[in-house]
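Novice: My questions will all concern the structure given below.
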Amino acid sequence: MEINSLTFGAIDFEPFVGLAYVNLQTDGYTEPGGIAALSSGSDSTDATYSTLGLRAATTFALGSFEATAKGMLGWRHAFGDITPTSAYQFASGSSPFTVGGVPIAEDAALVEVGLDLQLLPLATFGVAYGGQFGDGATDQRFTANLSWKFSNGIAMRSRFRLRSPLSTARYEPSFDSCRWRKGADVPPR
């Protein structure tokens, strides 16, 4: 849900609230392979997230480019199954035991800052930092995007993401994130 934006000087502010429900259902299974094989029944995990925050953006000239600086501060609260668990037992027969995963932060501060440069009328380059901090859990990322819009309504984006820990860097080609403008000649697949 978005609330009308507010403008103070050259900066646009936009308060927002959000609600998301996530459900993960897994099927039961039994591993093959002797006395160390595991067995687990089907399971379901549910979590709901509420988010409250404020976005801000301003556009200005940076040399010969039009630049947009943007930021977001927010608070996210998680309800439900915030510590994922799974029950297992050895397929050859044993008492069931539970394995717990990394808990989801019940309360987290959200931070995003970024800068977009319009290189050409149809091309934009952007960099951004985002982070979630709370309850002993931290998630940080750096993202660089190159977005190119074509005259037939196709917009392609190439993205490079670097997440913490640093070993999870990856390049994401844009073909899975093509967007179609209303009225484009070629329909989406």
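The values are calculated or read from the model by the stated rules, or taken from the named source; none is laboratory data. Since the model is a prediction, treat every value here as computed from it, not as a measurement. Neighbour counts are summed over all protein chains in view; Cβ atoms, including those assigned to glycine, are modelled from backbone coordinates with ideal geometry. These accessible areas exclude ligands, DNA and RNA; they are computed on the full protein's heavy atoms, side chains included. Shrake-Rupley method; radii C 1.70, N 1.55, O 1.52, S 1.80 Å.
Novice: Go through the stretch 47-64 residue by residue and tally those that are among the small types (Gly, Ala, Ser), in a strand (DSSP E or B) and under 30 Å from Leu120 (Cβ atoms).
Specialist: Kept after step one, since they are among the small types (Gly, Ala, Ser), are these residues of the stretch 47-64: 47, 50, 53, 56-57, 61, 63-64.
In the following step, the residues that additionally are in a strand (DSSP E or B) were identified as 47, 50, 53, 56-57, 61.
Checking the rest, the ones that are also under 30 Å from Leu120 (Cβ atoms) come to 56-57, 61.
Residues flagged as among the small types (Gly, Ala, Ser), in a strand (DSSP E or B) and under 30 Å from Leu120 (Cβ atoms) within the stretch 47-64 amount to 3.
Novice: Leu52 passes all but one of (1) without any contact (Cβ under 8 Å) to a residue 40 or more places away in the chain; (2) under 29 Å from Phe8 (Cβ atoms); (3) of a type outside the set (Asp, Glu); (4) surrounded by 16 or more Cβ atoms within 10 Å (Cβ to Cβ); which number fails?
Specialist: That leaves (4) as the condition not met.
Novice: Of (1) closer than 29 Å to Lys70 by Cβ; (2) open to solvent by 50 Å² or more (accessible area, probe 1.4 Å), Leu117 satisfies all except one. Which?
Specialist: All conditions pass for Leu117, except number (2).
Novice: Being of a type in the set (Phe, Trp, Tyr) and under 19 Å from the mean Cα position of the chain (by Cα) is true for just one of Phe65, Phe90, Phe97, Phe16. Which residue is that? Show your work before the answer.
Specialist: Working: Phe65 fails: under 19 Å from the mean Cα position of the chain (by Cα); Phe90 fails: under 19 Å from the mean Cα position of the chain (by Cα); Phe97 fails: under 19 Å from the mean Cα position of the chain (by Cα).
None of the others qualify; the one that does is Phe16.
Novice: Same structure again: Do you know which of the residues in the stretch 1-23 that are open to solvent by 80 Å² or more (accessible area, probe 1.4 Å) and among the hydroxyl-bearing types (Ser, Thr, Tyr) is modelled with the highest pLDDT?
Specialist: Tyr21
Novice: Let me spell it out: the conditions are (1) under 25 Å from Ala56 (Cβ atoms); (2) modelled with pLDDT under 90; (3) open to solvent by 40 Å² or more (accessible area, probe 1.4 Å); (4) of a type in the set (A, V, I, L, M, F, W, C), and Phe133 meets all of them except one. Which number is the exception?
Specialist: Here Phe133 meets the rest and fails (2).
Novice: Of the residues that make up the stretch 74-87, is at least one open to solvent by less than 40 Å² (accessible area, probe 1.4 Å), in contact with a Lys or Arg (Cβ under 8 Å, 6 or more places away or on another chain) and part of a strand (DSSP E or B)?
Specialist: no
Novice: Select, from Gly63, Gly34, the only residue that is out of contact with any strand residue (DSSP E or B) (no Cβ under 7 Å at 6 or more places or on another chain), open to solvent by 70 Å² or more (accessible area, probe 1.4 Å), more than 22 Å from Gln140 (Cβ to Cβ) and among the small types (Gly, Ala, Ser). Spell out how you get there, then give the answer.
Specialist: Numbers: Gly34 fails: open to solvent by 70 Å² or more (accessible area, probe 1.4 Å).
Answer to the selection: Gly63.
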